[in-house]
Structures are given as structure tokens and as C-alpha cells.
Amino acid sequence: MLGSRSFERAGPSGEDIRAFPGSFYAATIAEPIDAPALAGDAITDYCIIGGGFTGLGAALALARGGHRVHLVEAGPIGWGASGRNGGQVHVGWQQDLPWLEARLGRTTAAALWQAALAARAHLDTLIALDEDACDYRPGLIHADHRPGMVAHTHAHVAMMRDEWGYDSLIPLNNEALRAVLASEAYHGGSFDHLGGHLHPLKLALAMARAAQHAGARLHANTPCTALAPDTDGWRVVTPHGVIRAGKVLDATGAYARALVGETDAHVLPINNYIATTAPLGADLAHELIRNGAAVSDGRFVVYYFRVTPDHRLLFGGGESYGYRMPRDIGAFVRPHMLRVFPQLADVPIDHAWGGTLAISPNRLPFVIEPRPGLYAANGFSGVGVVLAPWLGDAVGRAMAGEANMGYDLVQRLPAPRFPGGRWMRWPTQALAMRFMALRDRF
Ligand SMILES: Cc1cc2nc3c(=O)[nH]c(=O)nc-3n(C[C@H](O)[C@H](O)[C@H](O)COP(=O)(O)OP(=O)(O)OC[C@H]3O[C@@H](n4cnc5c(N)ncnc54)[C@H](O)[C@@H]3O)c2cc1C
């Protein structure tokens, strides 16, 4: 037996796994997906554990390839980070190209950049699966909260254009930024035409429906409570049935907690929070962000925000490193929101929720095969909207024996473990993160 766990609740936060959190996203989907819990045993070629972007990407690729694939998800499909994130579409990796080049060399950095562009193009094909096109809106502003950061951002824009041929990025000086963003908290930045924002739960559900359509068997409310090697593969144990599968993908994100110990050692779960205001009306919403883009800033604990199609401000900010989420998440997020938009002091918060993201030591995702036939893909470190569906697709195809650039590349990246082992990595790393977060205040 590799690992086993109880599933009355899930995640470091101890949230109820049976229903979506009270998010704006859960309130604005037409209907949840019909994916009945597993009842009885099954035999299959591939079993995916986790119904987020990574697992759904793999299930979709395998089903489209004509393979027998089952997916088990502890909660409703899209319950984890994929169904509740900021919806910001970032082009690239959590580390920039100079960082990648300095550590991994020019050739790997160039391959990673091409992969990032391929992942962005892949996202477009998934957005097109949804009848609302996942409410996608183009444009992403990077906003600098310290005047001294602006020169660095502009140098980065020039470097991306001159060295890497990326001309979707333009610099914004203070005046240009103020023309589109009604906040005095920022001093300049950049605008990426290829970035944007979307409704992440619509994306997850569109991927799930497409996977089902292609023949994948999806089981919501079906936690894997134990995983054990079997004669011809793996036994995926769930409360009401066992799936025997040739190969298994652990795609449990930050919510795994000891299912596969080898994966756990590479990931630190961190809670991050989002709130949406009551509808502001088209005029005020337009006034806040005139070009309708998403915005994220340069803080260590990033502020990210955007306007929803029904004219709310959706604002993400604040993290916690303990096991519990704050009791009143709206009150937790509000002071962060008011630092950027003090003009919203009297506006009520309608929805507030938290999510748990999986940070890796080098902030790059990883794929590992800790035992023969057992794969894990994880560690997106806050930029999984573009990369996780793409990497899930790549891993699914690799599991089926199809060579592909994405899998080969990510599988060769260094995948360090957090120091401190299963129990000590949390307090030591959390302390380090708290220290970094403190620097945002000065
Ligand atoms: C608050 C927040 C904001 C974010 N904002 C952004 C953003 O704006 N842009 C961006 O690019 N990225 C963002 N991210 C990161 C992004 O959401 C993730 O990188 C991405 O969703 C990871 O997808 P995943 O499939 O790996 O994990 P998840 O979506 O977390 O999926 C894992 C699933 O596995 C299930 N599971 C766990 N254990 C078991 C088990 N034993 N049996 C069955 N199922 C199990 C969980 O219930 C969960 O649904 C954010 C994340 C958070 C939390």
C-alpha cells in the first residue's frame, strides 16, 4: 500500500469536499457536470486521480487517443484549485527567461519558451470547447507597486522583444497605466496582448464534458482512499469500488496530502484568497479597468484582479500558511482590495473563498514517475491556468507511449524536494514565505 487517507474533508483547510466552495464561479455555471460516483469495481488501462486541469487534460488526451480511461475526483469535478483560481492567463513560467537560462542553459530556456507558447495555443483550443468561450477576455497588465520596479519591467519588455522575438508585450509608463487603471497604487508596468482572463470552472467543466464525449469515465465524489501496486499495474481504492488500472496519474495538486509520499515531498500547499464585490454597474466597472484586462502586480504575495462579465471586481490577495482558512474570508481580502481601490470602501463583498495552490521549491511544475506505471504531475506554483491543461495533455500522451516535446522537456527539469521531509517542510518553508510576504509591506 502506498498511501491511504480519510476523505470526510479535504485539503489543508478542512473544507467540505462534497460541494463547491461559495465562489463566484460556482454561482455562475449553468449546471455541474453529470459524473456519477464510482459504484462497483472496474478494470481500465489508465486511471487519473484528481479532476482539475492536470487530470482532465490527461483524461481528455487519453480518451481522444482511443484509450480506456477512468478519472476519480474526491469532490465535484473542478473542486480544487482549477475551479476557484483567479482565472488569469499568464504566458510563460513562474520563473522568467533570464532565470531559466542562468540555471538550465540557453537551449532548455528556449525550449521552455516555445513550450509556454504552445501551452497558450493549446488553451485556445480548450476555451473553444465551452459555449461561453469560458468568458475569455484578452489582455493582462503587470503593474508595479514600487516606482523603482518600472525600469526593470521595461527592460524585461525590451529583452523579450529583442532577444526572444516576443512582441505581444508593451511597456506602460505611469501615465499610460493610469489611463487604463483607476488606482494610485501603481507606477507603471507592462501589457501583454496574449495574456487575459477567463472563468476557470467553465474551463474545467468544458474539458470534462469533452473528455466524457471522447469516452472517458469520470467519477465525481469518488476519493481514492488508498493506492496499491497490483500484478498488472495499480489498485485505486475508493469507498464504493476498486479500479484496477495499468497506469495511474496522481494529479491531486495541493490537495493530495500523503496519498503518494514521493509527490508530497515536492509540493508545499499554500492557501490564497479571492473575493468578488456586488455588481458595480457597467460604468464604475469600466472606470476601474478601462481596457477590460486582468491585472497582477509584483508583490511576493501577488494582488490579482479583474472585472467579471457582470461588472463585479474579482480581487485576489492575501495568503495563509497554517492549516486553516480565515473564518471570514471577505473581511480578510477587503483590506488588500482597498489598498488598490479605496474608492470601493462602501461596496459589499458578495462571494469570498480560498483555494490551495501547490508550490514547488523552484516554482516550476514537475512530472515524476516514482514507481513504474505511477506518474505525478504537479507544482504549478500559481500559474496553472495555461500550463496545467497542457502538461496534463502531455503526460496523458506520454503514459500511452506517445513521445511528445512537452513531457520530455518537463520530465528533464530538476524536481527538487522541499527540505525537512513530510512534517518539517511545512513549518520551515512557511516561515520563509512569511518573511518574504512581510517585505511586501515596506
Ligand atoms: C486561489 C488561487 C488562485 C489562483 N490563481 C491563478 C491564476 O489566476 N492563474 C493561474 O495560472 N493559476 C492560478 N492558480 C493556480 C492554478 O489554479 C493551479 O495551478 C491549477 O489549477 C492546478 O491544477 P491541478 O489539476 O494540478 O490541481 P487541482 O485543480 O487542485 O486539482 C486536484 C484535484 O485532486 C482532487 N483530489 C485530491 N486528492 C484526491 C484523492 N485522493 N482522490 C481523488 N481526488 C483527489 C482534489 O479534490 C482536486 O480537485 C491559482 C490557485 C489558487 C488556489
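The values are calculated or read from the model by the stated rules, or taken from the named source; none is laboratory data. Keep in mind the model is a prediction, meaning the values are calculated, not measured. Every residue, glycine among them, receives a Cβ derived from its backbone with ideal geometry; neighbour counts consider all protein chains shown. To get the accessible areas, we keep the full protein, side chains included, count just its heavy atoms, and leave off ligands, DNA and RNA. Shrake-Rupley method; radii C 1.70, N 1.55, O 1.52, S 1.80 Å.
Restricting the range 147-186 to residues that are farther than 23 Å from G92 by Cα and of a type in the set (D, E, K, R), which is least open to solvent (accessible area, probe 1.4 Å)? Going through the qualifying residues, I end up with R178. Evaluation of P239 against the conditions (1) open to solvent by 30 Å² or more (accessible area, probe 1.4 Å); (2) farther than 30 Å from R146 by Cβ; (3) more than 16 Å from the ligand (Cβ to nearest atom) shows that the sole unmet condition is (3). Taking into account only those residues within the range 251-271 that are open to solvent by 20 Å² or more (accessible area, probe 1.4 Å) and near the ligand (Cβ under 9 Å from one of its atoms), which is farthest from the chain's Cα centre (by Cα)? My answer is R257. Looking only at the range 213-232, residues that are more than 10 Å from the ligand (Cβ to nearest atom), under 13 Å from V69 (Cβ atoms) and touching a strand residue (DSSP E or B) at 6+ places or on another chain (Cβ under 6 Å) come to 3 in all. Among the residues of the range 187-217, those that are in a strand (DSSP E or B) and either open to solvent by less than 10 Å² (accessible area, probe 1.4 Å) or under 30 Å from V157 (Cα atoms) (or both) comprise G189, S190, F191, D192, H193, L194, G195, G196, H197.
The set of residues in the range 303-331 that are modelled with pLDDT of 95 or more and of a type in the set (A, V, I, L, M, F, W, C) comprises F305, V307, L313, L314, F315, I329, A331.
Suppose the filter is within 15 Å of V347 (Cβ to Cβ) and open to solvent by 40 Å² or more (accessible area, probe 1.4 Å); does P279 pass it?
For P279, the condition - within 15 Å of V347 (Cβ to Cβ) and open to solvent by 40 Å² or more (accessible area, probe 1.4 Å) - is met.
Residue-level check: of (1) over 30 Å from L140 (Cα atoms); (2) surrounded by 23 or more Cβ atoms within 10 Å (Cβ to Cβ); (3) within 13 Å of the ligand (Cβ to nearest atom), A245 misses just (3). Among the residues of the range 71-83, those that are within 6 Å of the ligand (Cβ to nearest atom) and either open to solvent by 10 Å² or more (accessible area, probe 1.4 Å) or part of a loop (DSSP other than H, G, I, E, B) (or both) comprise E73, A74, G75, W79, G80, A81, S82.
Pull up the range 21-32, narrow it to residues that are surrounded by fewer than 20 Cβ atoms within 10 Å (Cβ to Cβ) and hydrophobic (A, V, I, L, M, F, W, C), then point me to the one that is nearest to the chain's Cα centre (by Cα). Applying the filter and picking the extreme gives A26. Which residue is farthest from the ligand (Cβ to nearest atom), if the candidates are limited to the range 360-379 and must be closer than 17 Å to G50 by Cβ, open to solvent by less than 20 Å² (accessible area, probe 1.4 Å) and hydrophobic (A, V, I, L, M, F, W, C)? If we take residues in the range 360-379 being closer than 17 Å to G50 by Cβ, open to solvent by less than 20 Å² (accessible area, probe 1.4 Å) and hydrophobic (A, V, I, L, M, F, W, C), then L374 is farthest from the ligand (Cβ to nearest atom).
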